[in-house]
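Take a look at the structure set out below.
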Amino acid sequence: MADETALSALTLSPKERDYAARTLLSEFGEDRIGQAAGMHVIRNRLAKGGYGDTVHDIITKPYAFEPWLHAGTGKQNDPLAHDPRSPRYQQALQVVDAVASGRVPDFTGGSTHFYAPAAQKQLASLDNRKLVPDWATPDAHKLTIGGTEFYTPTGDGRKVITTSKQAPSEDEDRKITRLNSSHGYISYAVFCLK
């Protein structure tokens with residue numbers, strides 16, 4: 001396994017830090033582990049290429065991060081509605097900085113995509129989108145945190161962790177596997193975020 005703790009520092013402009021914090025709050029609320037995983041998705045997209053040349057480009061690319069479709073509208077999860085002076089925003093900014101600096105290892109398995117099936121179902125009822133994105137294949141599935149699934153669409157094997165306190169339903173079509181090494185990285189990530 002590659003050493004996921006050996007991340008180089010990523011320098012972000014003030015605007016990129018702001019947009020990243022707003023994205024993490026809108027996508028993951030106050031869940032710091034979810035926020036860290038989301039920031040790694042942004043990092044991984046930048047490293048892989050093809051998603052935008054800057055963090056700002058990656059975040060604001062149409063349909064890349066759902067909340068930015070509603071930026072400035074005042075609708076639910078509007079990323080521009082977050083107050084930069086609030087403790088929630090400051091916490092998200094700390095997560096952005098911890099991941100960008102390389103202090104938090106990439107525990108997502110190099111994920112470049114994520115979606116929350118429950119949220120996707122709700123959105124599909126509004127605009128007829130697919131319930132499961134085309135890239136969300138079993139081979140690409142890397143990690144599940146609560147109700148959010150993380151993927152690397154090129155897929156290099158299946159590595160899944162569940163951190164939800166609820167057991168998966170019996171009719172769930174994915175077999176859940178626990179990997180001790182990945183749990184170690186999540187524990188280390190929690191430590192780095194404290």
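The values are calculated or read from the model by the stated rules, or taken from the named source; none is laboratory data. The model shown is predicted, which means the values in this text are computed figures rather than measured ones. So basically every Cβ, Gly included, is an ideal-geometry build from the backbone, and we count neighbours across all protein chains shown. Surface areas here come from the heavy atoms of the whole protein model, side chains and all, with no ligands, DNA or RNA. Shrake-Rupley method; radii C 1.70, N 1.55, O 1.52, S 1.80 Å.
Kirkwood-based Rg over Rh for the stretch 44-164 (C-alpha set), two decimals?
Details: Rg = 15.3 Å, Rh = 16.0 Å.
Rg/Rh: 0.96.
Give the Kirkwood hydrodynamic radius (Å, one decimal) of the stretch 86-127, defined as one over the mean of 1/r across all pairs of different Cα atoms. Present the calculation step by step, with values, prior to reporting the outcome.
Working: mean 1/r = 0.0774 Å⁻¹.
So the Kirkwood estimate lands at 12.9 Å.
So, in nm, how far is label residue 8 from label residue 126 when the simple model puts each one 7 Å beyond its Cα toward the Cβ?
3.9 nm
How much length is gained if the chain between residue 134 and residue 63 is pulled fully straight, taking 0.36 nm per residue apart and subtracting their Cα-Cα distance, in nm to one decimal?
On the way: separation 71, 0.36 × 71 = 25.56 nm, distance 1.40 nm.
Contour length minus Cα-Cα distance gives 24.2 nm.
For a quick check of your reading of the filter: which chymotrypsin sites (Phe, Trp or Tyr not before Pro) in the stretch 33-131 sit in a DSSP loop and have no more than 15 other Cβ atoms within 10 Å? The partial results should precede the final answer.
On the way: sites: 51, 63, 65, 68, 89, 107, 114, 115; in loops: 51, 63, 65, 107.
Sites meeting the loop and neighbour criteria: 63.
Can you pull the one-decimal nm distance between simple spin-label points at residue 56 and residue 86, each 7 Å off the Cα toward Cβ?
Each label point is offset 7 Å from its Cα along the Cβ direction, giving 2.3 nm.
Can you give the accessible area of residue 97, probe radius 1.4 Å, in Å² rounded to 10?
It works out to around 50 Å².
Once every Cα of the stretch 61-114 carries one equal point scatterer and solvent is ignored, give the base-10 log of I(q)/I(0) from the Debye formula at q = 0.14, 0.18 Å⁻¹, two decimals.
Treating every Cα as an identical point scatterer, log10 I(q)/I(0) equals -0.52, -0.82.
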